[in-house]
Amino acid sequence: MTTTDLARPIGQAEADSAAGQSMRRLLRPHLRSFAAVMVLQVIGAVAGLAPLLAVVELGRSLLSPGPIDHDHVWTVVVAGAAGLLVRLLFTAASSGIGHLLDGHVQLALRRHLAARLARVPIGWFSRRRTGELAKVVGEDVSAVHPFIAHAPGELVSAFVVPLVSLVYLFTVDWRLTLITLVPVVLAMALVPLLMLPARTREQEAYDAAMGRIASSVVEFVQGISVVKAFGGGERAHRRFLTAADDFVSIFSRWVRGMSVIAAGMQLALSPPFVLLIVLVGGAALIVSGGLAPADLLPFLLLGLGLTAPVAALGHGFDDLQSAGRALGRIKDVLAVAPLPEPAHPRPPRGHRVELRDVRFAYDSDREVLRGIDLVLEPGTVTAIVGPSGSGKSTLVQLLPRFFDPTHGSVLLGGVDLRQIGSRELYRQVSFVLQDVRLLRVSVADNIALAVPRAGRDDVVRAARLAGIHDRILQLPRGYDTVLGAEAELSGGEAQRISIARALLADAPVLVLDEATSFADPRTEQAVRRALATLGGDRTVVVIAHRLETVADADTVVVLEDGVIVERGRPADLLTRGGRFAAFWRARQSAEIETHGGVLRGDEH
């Protein structure tokens, strides 16, 4: 297997096809329930015509000359009542099964999405807004409700009821039947206007605007403490207000485009308009002698039956369109190619890390990393430095395989990461990122996430080494406190929990991406001592801007515009007076201004 084969991405068409097959497999176990909903609805819809037909027959019987057949009248009344009872029972059963089916399908969809999201490359999440993903798993799955619970019944009613009514009305008078269909034809003629490309674009813009509002709210709430601390309330609100203003503008355009069409359909299907058409047409036929007065009655009653299901379907058209778009977004997530697992996993031989001619691009426009060759030896600490946007975070995220390189390879113990099973890889590589996410479980469970069977003593030891033990004891129930429910931690405290988690995992390769960016100097010093104590032959890669962290490294790698421009021991690089020396002087000036102290390179 070549490096190119390992890096070959799955095509979009292939991914879309896989998503479609996945949806079909998910729905296949529920086909019988779908069929039951349809059959019950058909029976209920047809039975629902019985009361109307009974009224028609009673009218004919009572208006006809001669004596009234009381037995026939009571038979008609009983038949109408029985039809009403059957309609109530069968439509209730159809609705109940439909809603139960909806619950099962939504549960299956959410489980399927969770399973797929658990298998996609971790780096994929960093390119997506939290609010947008939450909308797919939450709102979009819920938006499928009308498609499953209501659409089958409404579609059946919209076709079966008019069809049965038309058959009956044609037996009475075909001319008045065609006249009765005029409102339906007028309404259906407006339906294509709802599906014009302009209307579709407006709907998509509406959904995108809603997603931006959700994302801005999530981001604002998550960062509200920082906003309040630094007095940036106006700036923080500005993004939400901008998103809200965009939504109002888009929604107004959408309403203006839809209002005339919707009003036309509502007028055409309204009972007064239908009755007016039937009465005018029927009166003309009666006057001409082509229709008996009693035969007008079924058209007055069933004419409304022709339009009511179509009107109900029209009212649910927006819900069906929303459900269709939600299904499309769900399929987009399901179409994301999962992280490829090797057919025959190979265990790494040691934990020497090597990057060979690594190139990486998030898209085809620009490469973030360009030809990286780097060796990280066991027992060493390598510091990655460089200006913002130079590719530091992208480089270290390749080590735990958040992404696969678009060219070249990353090897652990002489084995390409793509040939190592993910479970084995995460036993070998642990990581602490700047953006920490803690679970809504106890502090102890958060620390023991990678080692769920770890004893309390081991958890406490890791917390002590990370400098968070004393703070945990201040929580309501100590290590048993549920984060997010019983207590909240600051950004720096969350980072220390994450560091304790990595220390407990005791993986031979440790990746730290700005892992102490929120920590105070004393905490960072304690963490550095902990890493030094546990060092041994561990391979440590760290992105850091503080000089103490950089000075403790065995090797410094300077990145600039995705290329390694310098590498070597910190002291050697300082004497060269190159890019690292410039970085060192800039950081010294920044720390002097911040702490009022003086740091000299020879002191480290």
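The values are calculated or read from the model by the stated rules, or taken from the named source; none is laboratory data. Since the model is a prediction, treat every value here as computed from it, not as a measurement. So basically every Cβ, Gly included, is an ideal-geometry build from the backbone, and we count neighbours across all protein chains shown. In case anyone asks, the SASA skips ligands and DNA or RNA and just uses the protein heavy atoms, side chains included. Shrake-Rupley method; radii C 1.70, N 1.55, O 1.52, S 1.80 Å.
Extension gain for His344 to His99 (0.36 nm times residue separation, less C-alpha to C-alpha distance): 83.8 nm.
A Förster radius of 30 Å combined with the Cβ-Cβ distance from Gln106 to Leu186 puts the calculated FRET efficiency at roughly 0.20.
Normalised by residue count, segment 32-121 yields a Cα convex hull volume of 77 Å³ per residue. Note on Ala586 and Arg175: the model spin-label points, each 7 Å out from Cα along the C-beta direction, lie 9.1 nm apart. Calculated FRET efficiency, Asp332 to Ile261, Cβ-Cβ distance, R0 = 30 Å: about 0.60 to the nearest 0.05. A full extension of the chain between Ala115 and Asp357 corresponds to an added length of 83.8 nm, given 0.36 nm per residue minus the alpha carbon distance. Label reach from Glu377 (point 7 Å along Cα→C-beta): in segment 555-581, amide nitrogens under 13 Å belong to 555-556, 568-569.
Once the 1.4 Å probe is applied to the protein heavy atoms, segment 45-123 comes out at 56 Å² accessible per residue. Where in segment 402-417 does the amide nitrogen come within less than 11 Å of the point 7 Å from the Cα of Asp537, taken along Cα to Cβ? Under 11 Å, as judged by backbone N against the label point of Asp537, lies no residue of segment 402-417. Dividing the mean sequence gap of close Cα pairs (under 8 Å, 6+ apart) by how many residues segment 367-437 holds gives a relative contact order of 22 percent. Modelled label positions at Ala283 and Leu26, each set 7 Å beyond Cα in the direction of Cβ, lie 5.6 nm from each other. Relative to its residue count, segment 363-421 spans a Cα convex hull of 104 Å³ per residue. If R0 is 56 Å, the Cβ-Cβ spacing of Ala82 and Arg477 corresponds to a FRET efficiency of close to 0.30. Mind running the shape call on segment 329-435? Use the C-alpha gyration tensor, a ≥ b ≥ c as the square roots of the eigenvalues: rounded below 1.5 for a/c, prolate if a/b tops b/c, oblate otherwise. Oblate, because a/c is 1.5 or more while a/b does not exceed b/c.
Subtracting the Cα-Cα distance of Ser490 and Ala92 from their residue separation scaled by 0.36 nm leaves 138.1 nm. Along its three principal directions, the equivalent ellipsoid of segment 458-511 from the Cα gyration tensor extends over semi-axes of 20, 12, 9 Å, largest first. The ellipsoid equivalent to the alpha-carbon distribution of segment 383-472 has semi-axes of 29, 18, 11 angstrom, derived from the gyration tensor eigenvalues as √(5λ) and listed largest first.
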